[in-house]
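Visitor: Dumping the structure here so I can ask a few things about it.
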Amino acid sequence: MTRISLTVDGAKVADDVEPRMLLVQYLRERLGKTGTVIGCDTSNCGACTVHLDGTSVKSCNVLAVQADGSEVTTIEGLAATTGNGELHPVQEAFRECHGLQCGFCTPGMIMQSVDLLKENPHPSEEEIRLGLEGNLCRCTGYHNIVRAVQHAAGAEA
């Protein structure tokens, strides 16, 4: 077992984990952060995307021990980053623009979209599609997801 300590959604946690435990497993099984979805375990779908020290990562591709000393934000903690108790603007845009259908990919899409908009606050449609390339949706055809990102960026959708 290896001792890790990190901050998850603003709360400091310390735990003993097996060195082979994935971050997605740690978040879900130990901390109850079930909004972080296990989709493929191969980093292909992006449903498990979280922010690690402010950058989006696929948590099925990161060991929990690699997150030692880091700050992790999950979809559950994203609204808290606004400081006003309301949904994050990207979460609100996905709700307003119907950027989801079954909802399975939504947490990862939102987390990736937040990172995309941090790097490029006013992306074109093509830049949005490229920025979300590693996140798969099997329901919507991406049209409303792209509209939601445009809406969150303040662009005309």
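Visitor: Out of everything in segment 103-131 that is touching a residue at least 24 places away in the same chain (Cβ under 8 Å) and assigned to a loop (DSSP other than H, G, I, E, B), what residue ends up being nearest to the chain's Cα centre (by Cα)?
Guide: If we take residues in segment 103-131 being touching a residue at least 24 places away in the same chain (Cβ under 8 Å) and assigned to a loop (DSSP other than H, G, I, E, B), then Cys105 is nearest to the chain's Cα centre (by Cα).
Visitor: To continue, here is another question. What pairs can you find where one residue is in segment 22-45 and over 15 Å from Met111 (Cα atoms), the other is aliphatic (A, V, I, L, M) and assigned to a helix (DSSP H, G or I), and their Cβ atoms are less than 6 Å apart, with a gap of 6+ or different chains?
Guide: That search, which allows pairs on different chains as well, returns Leu23/Ala64; Leu23/Ala67; Tyr26/Ala64.
Visitor: Determine whether segment 6-15 contains at least one residue that is among the polar types (S, T, N, Q) and within 18 Å of Val149 (Cα to Cα). It would help to see each step written out before you state the result.
Guide: From segment 6-15, those among the polar types (S, T, N, Q) are 7; that's our starting set.
Next, only the ones that are within 18 Å of Val149 (Cα to Cα) stay: none.
Checked against the condition, which is being among the polar types (S, T, N, Q) and within 18 Å of Val149 (Cα to Cα), segment 6-15 yields no hits at all.
Here is a yes/no grid of residues against (1) within 26 Å of Cys139 (Cα to Cα); (2) modelled with pLDDT of 95 or more:
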position: Leu22; (1), (2): no, yes
position: Arg28; (1), (2): yes, yes
position: Ile75; (1), (2): yes, yes
position: Ala93; (1), (2): yes, yes
position: Leu100; (1), (2): yes, no
position: Ser113; (1), (2): yes, yes
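Visitor: Okay, moving on. Of (1) farther than 13 Å from Ala153 by Cβ; (2) surrounded by 22 or more Cβ atoms within 10 Å (Cβ to Cβ), Val90 satisfies all except one. Which?
Guide: (1)
Visitor: Okay, moving on. Would you mention how many residues in segment 132-155 are charged (D, E, K, R), in a loop (DSSP other than H, G, I, E, B) and either in contact (Cβ under 8 Å) with a residue 24 or more places away in the chain or in the same structural domain as Ile38 (by TED's automatic domain parsing) (or both)? Give the derivation first.
Guide: If we filter segment 132-155 for residues that are charged (D, E, K, R), which is where we start, we get 133, 138, 147.
When the remaining residues are screened for being in a loop (DSSP other than H, G, I, E, B), the result is 133, 138.
From what's left, either in contact (Cβ under 8 Å) with a residue 24 or more places away in the chain or in the same structural domain as Ile38 (by TED's automatic domain parsing) (or both): 138.
Selection size over segment 132-155: 1.
Visitor: List the residue pairs whose Cβ atoms are under 8 Å apart, where the first residue sits in segment 83-102 and is in contact (Cβ under 8 Å) with a residue 24 or more places away in the chain, the second is loosely packed, with under 15 Cβ neighbours inside 10 Å and in a helix (DSSP H, G or I), and the two are 6 or more positions apart or on different chains.
Guide: Short answer, once both residue conditions are applied: His88/Thr81; His88/Thr82; Pro89/Thr82.
The values are calculated or read from the model by the stated rules, or taken from the named source; none is laboratory data. Since this is a predicted model, take the numbers as computed values, not measurements. As a convention, Cβ positions derive from the backbone with ideal geometry for all residues, glycine included, and neighbour counts pool all protein chains shown.
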